[in-house]
Amino acid sequence: MDPAFLTIAELNRFYDQRELSPVEVTRSLLDRIAAHDGKLHSFIRLTPEVALAEAQVAERELAAGRRRGPLHGVPYALKDIVETAGIPTTGHSRLCRDYVPAADAHLVSLLKAGGAVLMGKLATWEFALGGPSWDLPWPPARNPWNPDYLPGGSSSGAGAAVAAGFVPGAVGTDTGGSIRGPAAVCGIAGLKPTYGRVSRRGVFPNTFTMDHCGPLTRSAQDIALFLQVIAGFDPEDPGSEDAPVPDYAASLTGTIKGLRLGLIEHWYAHGAHPDLPPAISAAVEVLRGLGAVVEPVQLSSLRDYTDCKTTISIAELYAIHEEDLKTRPQDFGRILRNRVLPGALLRAEDYVQALVLKRFDALLTAGALGVADPADPDLPDRLVSAPSITMPFSVGGLPALAIPCGFSRAEGLPLSLQIAAAPMAEPTVLRIALAYQQATDWHRRHPDLR
C-alpha cells in the first residue's frame, strides 16, 4: 500500500489494524522525497536518521498498545523558522545557515511528546517574508501541480510537501496569509488559528502582533487532529491565550444546518482569476444544500486591511532586524531588504484597529485571488502592491482556513475557499469545512509527479 496520499486519519486507522507501520510509512515517504523533491525543492534539510529513530519508537509503543495521540507515528515536517534542538534552523537565509538551536520550539516539544515523526525542515521565504528569492543559498520551492509555478509563500515548502505526498502534515506560520496562501494554490487545507492559540516560542518572529503557527494537511479532519496536538497555553509566550483546548475531532459533526454564513463577494468579484467567482458560487450552493443560511456581507476593502497589516509588519520587522540591517545589509536577500527598510520611517501611531466578527457564525470568501504565480525571477514584487484576501483575518487575529474548491481551466491549478470565524471558533470553521469536503472531492485530487 502506497502511503503517499493517505490522510492522518487513515494512517491512524491502518496503524490500529496493523496494516501499516510507522517505519514502513516513513521509509516509503523518504524514498518518495528522494525521487521527486529534486524538482520541487520543498525541503531545505531532510532528517532521515531522526525520522527512522522516532518511527521505530512509535512503532514499538503502538505494538505495546500505547498511543500518545492522533499524530503518534505520523510523519510531519517543519517550516525552517521553527527551532529544532541540534538541527540547523536557517530561516532560508544565509545569515542563519549555520545556526543550530540548543532547544526545540514549544510546538516541537508537543509534537515529540505526541509521538510524531520529524522528516525535516522546509523551504520558506527569507525569515518568512523576503521571497520568493533566487539569490539565497537554497532555491525557492515549486508547485507540485506544475513546477513552472510557485507554491505560494511564505510556508512554501510546507504547501509543496503536503500537496506532493511527501508528508501528511506540516507546520507553517501565517502573519498575512503564509499558511492559507500556499494551501490555496497547492490544493490542500491550511489553518491560521486564533492569535495565541498555538505557541510561537522558539519560532523566528516576523510581526509580533500577527504571527501565528498552524497546520497544513490534506483535509479538514486532519487539521483538527494536528491542531489537537499543538494547541494550548504557553506561559512563556507573551501572546499565548490561556483558554481550554476543546476536542476538535468531536466538533466534526458533519452537520451545518442552520449556521449563518456571511459571504464576502466584493473582495474577489473584480480583478480575481475569472474561474474563481463561479467556483466560490458553486461551493456556496453546496453549503446551502447542506442547510446553511448564506447571506452577502459588505466589509472594508482589501486595500484597507492590506495597508493596516503592512504598516504594522514593516514597523515590527524593522525593529526585529534593525541591527543586522545596519551592520550587514548585504547578507539579506534583495526582496526582504527592500520590504523591511521602509519600517525605519513608521511610527507607532500608524497602527489601526481591526474589525471583529459579530453577526455571523462564520464568513466565507476566496482563499486566494488567483492561481499560483509563475516561477519567474523577473516578476515584480507584488506583496505590498497587490491587496491580499487573507490579510483581513490576520489583522483581526481570527481563525481562518483555506480548502480547495476547484481548478482553473487554462492552467489546471487549484482554486480555494476560505472560512473564518470568531476568536477560538476553530470548531465551527472545521465543522463547515468537513461538511463541504464530505459533499465534494476536491481534497481527494492530487498532482502526478511522474
>> Can you tally the net charge around Ala105? Count Lys and Arg as +1, Asp and Glu as -1, for every other residue whose Cβ sits under 13 Å from the Cβ of Ala105.
In response: -2
> Quick one: if you take sqrt(5λ) for each eigenvalue of the C-alpha gyration tensor of the stretch 129-247, what semi-axes come out, biggest first, whole angstrom?
Replying inline: 25, 17, 10
>> Report for the chain the percent antiparallel among DSSP-assigned beta bridges with both residues inside it, nearest 5.
In response: 70 percent
> If each Cα of the chain is one equal point scatterer, what is log10 of I(q)/I(0) from the Debye formula at q = 0.08, 0.09, 0.12 Å⁻¹?
Replying inline: -0.39, -0.51, -0.94
>> Please enumerate, by chain and number, the aspartates and glutamates with C-alpha under 18 Å from the C-alpha of Lys257, excluding those fewer than 8 residues away in the same chain.
In response: Glu285, Glu295, Asp361, Glu426
>> Under a crude label model (7 Å from the Cα following the beta-carbon direction), how far is Arg409 from Gln17 in nanometres?
In response: 4.0 nm
>> Using amide H atoms built in the peptide plane, which far-off residues or other-chain residues are under 5 Å from Cys405 H to H?
In response: Leu415, Ser416, Leu417
> Where Rh is the Kirkwood radius over the Cα pairs of the stretch 1-120, the temperature 20 °C and the viscosity 1.002 mPa s, what D in µm²/s does Stokes-Einstein return?
Replying inline: 144 µm²/s
> How high is the FRET efficiency between Arg450 and Arg359 when r is their beta carbon distance and R₀ equals 30 Å, given to the nearest 0.05?
Replying inline: 0.05
> HN-Hα J couplings of the stretch 149-163 from phi, Karplus 6.51/-1.76/1.60, θ = phi - 60°, integer Hz, Gly and Pro as x?
Replying inline: 10, 8, x, x, x, 9, 7, 5, x, 5, x, 5, 5, 5, 5
> Quick one: Cα centre-to-centre distance for the stretch 195-255 and the stretch 7-54, in angstrom?
Replying inline: 23 Å
>> For a quick check, take a GNM of the chain with Cα springs below 10 Å and name the residue from Phe166, Phe360, Phe393 with the largest mean-square fluctuation.
In response: Phe360
>> Not counting ligands, DNA or RNA, and with a 1.4 Å probe, what is Glu49's accessible surface area in Å² rounded to the nearest 10?
In response: 140 Å²
> Which semi-axis lengths, in whole Å and largest first, follow from the square roots of five times the eigenvalues of the Cα gyration tensor of the stretch 161-315?
Replying inline: 27, 22, 17
>> Calculate the FRET efficiency for Ser300 and Arg328 from the Cβ-Cβ distance with a Förster distance of 41 Å, rounded to the nearest 0.05.
In response: 0.55
>> What are the ³J(HN,Hα) couplings of the stretch 65-80, residue after residue, when phi is run through the Karplus curve with 6.51, -1.76, 1.60 and θ = phi - 60°? Round to Hz, x for glycine and proline.
In response: x, 9, 10, 7, x, x, 10, 5, x, 9, x, 8, 9, 10, 3, 7
> By how many nm would the segment from Glu285 to Ala64 lengthen if fully extended, with 0.36 nm per residue of separation less the alpha-carbon distance?
Replying inline: 74.8 nm
>> Can you list residues from other chains, or at least 5 along the same chain, whose modelled amide H is less than 5 Å from the amide H of Ala164?
In response: none
>> For a protection proxy built on the mean count of beta-carbon atoms within 10 angstrom, sort 116-125, 175-184, 437-446 highest first, please.
In response: 175-184, 116-125, 437-446
> With the chain treated as a Gaussian network of Cα nodes joined by springs under 10 Å, which of Arg260, Arg328, Arg359 yields the largest mean-square fluctuation?
Replying inline: Arg328
> What full-extension length gain, to one decimal in nm, is calculated for Asp135 and Ala113 as 0.36 nm per residue of separation minus the Cα-Cα distance?
Replying inline: 4.2 nm
> Projected area of the stretch 357-430, taken from the Cα convex hull and averaged over every viewing direction, in nm²?
Replying inline: 6.1 nm²
> In nanometres, what is the gap between the two model label sites at Leu379 and Phe5, each 7 Å from Cα along Cα-to-Cβ?
Replying inline: 2.5 nm
>> If each residue of separation counts as 0.36 nm, what is the full-extension length gain between Val293 and Ala34 once their alpha-carbon separation is subtracted?
In response: 88.5 nm
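The values are calculated or read from the model by the stated rules, or taken from the named source; none is laboratory data. This is a predicted model, so every value here is computed, not measured. Cβ: placed from backbone, ideal geometry, glycine included. Neighbour counts: every protein chain shown. Quick note on the areas: whole protein, heavy atoms, side chains included, nothing else; ligands and nucleic acids left out. Shrake-Rupley method; radii C 1.70, N 1.55, O 1.52, S 1.80 Å.
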